[in-house]
Each structure stands twice: as structure tokens, then as C-alpha cells.
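Visitor: I have a structure here, written as C-alpha cells, and I will follow up with some questions on it.
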Amino acid sequence: MIHNQEFNMNEKLTSWVENNLILDDQKQNIMSFEQNLAKEQSSENPIESKRGLNLIYIAYYVGGFMVLLAYTTFMSISWDQMAVWLQTAVSLGTIIILWLTGHFLDKNQFHFAGRLLVFVGTGITPLLFYSIQNLIGIWPDFDFIYGDFYRVILPNWVIIEVLSLLTAWFVIRKTKFPLITLLISIWMLFLGMDFGRWLFDLDAWQWGNGELELSLTLALGMIGLAIFLQRRDLKSYSFWFHLVGSISLVCTVVALLDWETIWADIIYVSLIIVLLILSVWLQQRVLLVISSISLYSYLCYLAFDIFDGELSFLFAMAFLGLMIVITAVGYQKYVKQWLESKLLDPKNIAPM
């Protein structure tokens with residue numbers, strides 16, 4: 001394969017020399033550069049399968065997230081039955097094993113598998129910092145346990161979140177693995193909510209308007225951060241901020257709106273349109289998916305709650321969907337070319 005590529009390159013460069021596009025010396029320099037580059041790439045001898053939707057990468061994700069879920073979501077089942085020193089030892093030992101194993105795999109050409117294990121180990125760090133606080137006796141003596149970290153707004157989580165974010169920032173700088181931004185985005189959202197509770201000195205956990213307004217602000221800020229990262233050519237890192245921010249935004253808006261008034265429908269549909277426009281402007285499919293799911297949910301709400309499954313509405317909705325598709329096809333076939341020709345016609349361009 002490499003020899004065929006070299007032959008094609010040599011043939012192409014020879015034709016360029018014959019047509020006086022480049023000099024013969026330049027041809028030799030280009031060939032030398034390409035040969036050295038090919039040798040470097042072949043010396044790496046990649047063993048890991050090519051990325052994509054295949055059984056190898058599905059196994060990576062399933063195995064990695066099983067470990068992560070075991071130490072996060074399901075940890076509260078029997079975790080507190082262990083001694084505090086044992087909790088700390090188990091969480092620290094698990095992180096070290098995952099990081100060392102991941103580093104070993106990464107250095108031995110299994111880059112994605114290795115960095116995925118580093119990601120999983122990083123995801124367990126909140127459990128470690130919680131256990132350390134328990135061990136040294138600074139965790140408050142009340143009923144909240146680590147399992148509540150993912151559902152209860154509490155000022156005491158702030159220290160855990162700050163330390164976890166600093167750890168994740170250090171890891172992502174070392175590994176350059178974009179998936180770690182998923183952890184960062186979730187923990188940033190948690191930190192904003194818990195710090196807001198701490199700032200206003202509120203102890204009770206209750207989703208009132210204050211929490212929802214703060215959640216809305218954080219969601220918008222996260223989408224803004226995602227746009228900033230994308231504009232700095234960090235699209236793979238911005239993806240997870242787009243995902244977490246848009247989901248949080250839609251859920252918060254749904255909770256904030258008074259669905260007894262028509263304004264709720266207007267605001268919600270407007271939000272969907274804005275997300276659709278952003279998905280095109282930013283070329284982010286995740287925003288398209290979130291806005292499509294939101295639109296589908298809204299149509300289900302109209303069909304079953306407002307119109308109570310009336311056939312007239314269902315037929316109207318089906319007809320509207322069909323018309324949207326046909327309009328899009330007609331635009332591409334008839335309007336788009338005419339519009340582009342008018343816009344690009346020199347006669348229609350105003351002089352500077």
C-alpha cells in the first residue's frame with residue numbers, strides 16, 4: 001500500500017516538473033519528506049482497531065462506564081457499611097490501578113482504551129475526596145452520603161467539586177482526551193448549583209425559582225463556553241459542553257414555564273428554533289438532536305394532553321411534517337440555485 005502511494009506521488013510530481021510547476025530539486029525534497037513521514041507512521045505499528053462504531057469500541061465504552069457507574073451511581077448501596085479508612089483505601093487504590101493500567105495501555109499503542117481507563121479513574125475522584133473528608137473528620141455529621149452527590153444540592157459538595165475539577169483539568173492537559181470534558185461539564189454544573197446554595201446560606205434542599213434561575217444561567221454560560229471553545233478550533237472538547245448545557249437549558253426552561261398560559265408554548269417553541277439555528281451555524285449535530293427531541297416531546301404534549309388524541313390534529317401534524325420535507329426538497333431544487341446565482345452575479349454586487 002505504501003509503495004503504491006509512493007509510486008502515485010512520484011508520478012504526480014513528475015508531471016508537475018514536466019509542466020514547470022515545480023523544480024526537480026523541489027520534487028526530490030517532497031519525495032524525501034513523504035518517505036520519512038511514512039516511515040515514522042509505519043514504525044508506530046498501530047495495534048488498536050480503527051475508531052468507529054464497531055464491537056471493539058463498544059466493548060471499551062461498555063466496560064469503562066460499567067466501572068464508572070459502579071463507583072458513582074450504585075456506590076451508595078453498601079459503601080457506607082465499610083470502615084472509613086477502607087473507603088479511602090479502596091477509592092484511592094481503584095484510581096491508581098485505573099490510571100496506571102490506562103497509562104500502560106496508552107504507551108503500548110492502545111491509546112483509546114488507555115485514555116478511557118484514565119477517564120474512568122478521574123470520574124471516581126469525587127468519591128476519593130468525599131472519603132478523605134470523612135477520614136479526617138471534617139465531613140458534617142448528618143444523613144447525606146456520597147450517593148446524594150448526584151441529586152442533592154448541598155454547599156458541602158463544593159470542596160469535592162473544586163478538587164475534582166482541578167484533577168480533571170490536570171488529567172486533560174496530560175492526556176488530551178476530549179471525553180474528560182464530559183466530567184468537567186457535569187461537575188461545573190454541580191459546582192454552580194452548590195456554590196449558589198453556599199453563597200446565599202441556604203441549607204434546605206428545595207427546587208424553587210432561585211435554583212431554576214441559577215440553573216438557567218449556568219446552562220447558558222456552558223453553551224457560551226462551548227461556542228468559545230469551538231471558535232478556537234477545539235470542537236471535540238466543546239461537544240460535551242454543548243450536550244450538557246443544551247440538555248440542562250431545555251429541562252430548566254420546561255420547569256420554569258407556566259404551562260397554563262400561551263406564553264409557555266411560544267417561549268418553548270422559540271427556544272427550539274434558536275437551538276436549530278445554532279446547530280446549523282455551529283455545525284453541531286448534538287444541538288440538532290436535542291432540539292429535535294425537544295420538538296418531538298412538545299408535539300407529543302400537544303397530541304395527548306392538549307388535543308387529547310383528536311384525529312384532526314394528528315392528520316394536521318402529519319400533513320405539516322410532509323409539507324416541511326417537500327418544501328425543503330423544493331428549495332434545494334428550484335430556489336437555492338436561483339438565489340445563489342442572484343447573490344453571486346457581479347451585476348447585483350454593489351460597488352465598494
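Visitor: Kindly establish whether SER185 is in contact with a Pro (Cβ under 7 Å, 6 or more places away or on another chain), of a type outside the set (Lys, Arg) and touching a residue at least 24 places away in the same chain (Cβ under 8 Å).
Guide: Details: in contact with a Pro (Cβ under 7 Å, 6 or more places away or on another chain): no; of a type outside the set (Lys, Arg): yes; touching a residue at least 24 places away in the same chain (Cβ under 8 Å): yes.
Answer is no for this residue.
Visitor: Pairs only if they're at least six apart or on different chains, beta carbon under 9 angstrom, first in segment 12-36 and of a type outside the set (Gly, Ala, Ser), second not in a helix (DSSP H, G or I); list them, first residue then second.
Guide: Short answer, once both residue conditions are applied: LEU13/ILE22; TRP16/ILE22; VAL17/LEU23; ILE30/ILE22.
Visitor: Residue pairs, Cβ under 8 Å, 6 or more apart or interchain, first in segment 261-277 and farther than 18 Å from SER292 by Cβ, second of a type outside the set (S, T, N, Q) and modelled with pLDDT of 85 or more. List them.
Guide: As it stands, the answer is ILE267/VAL253, since those pairs meet every condition given.
Visitor: Just checking, how many residues over segment 230-249 are surrounded by fewer than 20 Cβ atoms within 10 Å (Cβ to Cβ) and in contact with a helix residue (DSSP H, G or I) (Cβ under 8 Å, 6 or more places away or on another chain)? If you could, list the steps in order and put the result at the bottom.
Guide: Residues of segment 230-249 surrounded by fewer than 20 Cβ atoms within 10 Å (Cβ to Cβ): 230-236, 247.
The next check asks that each one be in contact with a helix residue (DSSP H, G or I) (Cβ under 8 Å, 6 or more places away or on another chain); those that pass are 230, 235, 247.
Within segment 230-249, residues that are surrounded by fewer than 20 Cβ atoms within 10 Å (Cβ to Cβ) and in contact with a helix residue (DSSP H, G or I) (Cβ under 8 Å, 6 or more places away or on another chain) number 3.
Visitor: I want to confirm something. Restricting to segment 38-57 and keeping residues that are surrounded by 10 or more Cβ atoms within 10 Å (Cβ to Cβ) and at pLDDT 65 or above, which single residue is nearest to PHE112 (Cα to Cα)?
Guide: The qualifying residue nearest to PHE112 (Cα to Cα) is TYR57.
Visitor: Going by what's in this entry, would SER270 be described as in contact with a helix residue (DSSP H, G or I) (Cβ under 7 Å, 6 or more places away or on another chain) and either among the small types (Gly, Ala, Ser) or surrounded by fewer than 16 Cβ atoms within 10 Å (Cβ to Cβ) (or both)?
Guide: Details: in contact with a helix residue (DSSP H, G or I) (Cβ under 7 Å, 6 or more places away or on another chain): no; either among the small types (Gly, Ala, Ser) or surrounded by fewer than 16 Cβ atoms within 10 Å (Cβ to Cβ) (or both): yes.
It is false that SER270 is in contact with a helix residue (DSSP H, G or I) (Cβ under 7 Å, 6 or more places away or on another chain) and either among the small types (Gly, Ala, Ser) or surrounded by fewer than 16 Cβ atoms within 10 Å (Cβ to Cβ) (or both).
Visitor: Restricting to helices (runs of 4 or more DSSP H) lying wholly in segment 211-311: which have 2 or more residues that are within 28 Å of ARG197 (Cα to Cα)?
Guide: Working: elements: 235-256, 262-282, 285-301.
Once the helices (runs of 4 or more DSSP H) in segment 211-311 are filtered for at least 2 residues that are within 28 Å of ARG197 (Cα to Cα), what remains is 235-256, 262-282.
The values are calculated or read from the model by the stated rules, or taken from the named source; none is laboratory data. Small disclaimer: the values here were computed from a predicted structure and weren't measured. Cβ: placed from backbone, ideal geometry, glycine included. Neighbour counts: every protein chain shown.
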